[in-house]
1. What distance in nm separates the simple spin-label points at I86 and T4, each placed 7 Å from Cα in the Cβ direction?
2. Give me the tail of P(r) for region 42-97 as a percent: Cα-Cα pairs with distance above 14 Å.
3. Would you list the membrane-span-like helices of the chain, meaning whole DSSP H runs whose alpha-carbon atoms span at least 20 Å along their axis and whose mean Kyte-Doolittle value is at least -0.5?
4. Determine the relative contact order of the chain: mean sequence separation of Cα pairs under 8 Å and six or more apart, normalised by residue count, in whole percent.
Amino acid sequence: MRLTAEQVQFIKATIARHFGQEARVWLFGSRVDDARRGGDVDLYVEVPTAPADLFMQRIRCLGELKEGLPFPVDLVMADASRPRAIDRIAKAQGVLL
């Protein structure tokens, strides 16, 4: 995994601040592979109880992550109402932070 311990802590704290302590976040994509170089940070987030303003919280969280990390960030929110390929891929190939 190509993130420092400080970056992982920053991500976890930011996700918790916006979505609660019960939120779970996975790193997936190229940053999971130590042999690769560059790439953005792909994050997949599951929230047990979504806030009423989930869309706005996602936007705020993404802004904070982009300000605090030195590379581009993609933030994918789980959607239990309609299973998607990205949900399976992120959890199967990703790393729970």
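Values quoted throughout were computed directly from the atomic coordinates according to the rules given, and no laboratory measurement underlies them. Remember, predicted model here, so these are calculated numbers, not experimental data. Every residue, glycine as well, gets a Cβ built from its backbone with ideal geometry; the counts of neighbours run over all protein chains shown.
1. The two pseudo-label positions are separated by 2.9 nm.
2. Working: 907 of 1540 pairs.
Tail of the P(r) past 14 Å holds 59 percent of the pairs.
3. Values: long enough: 5-19 (21 Å, 0.09); 54-68 (21 Å, -0.07).
The qualifying helices are 5-19, 54-68.
4. Values: 135 pairs, mean separation 34.0, N = 97.
RCO, the chain: 35 percent.
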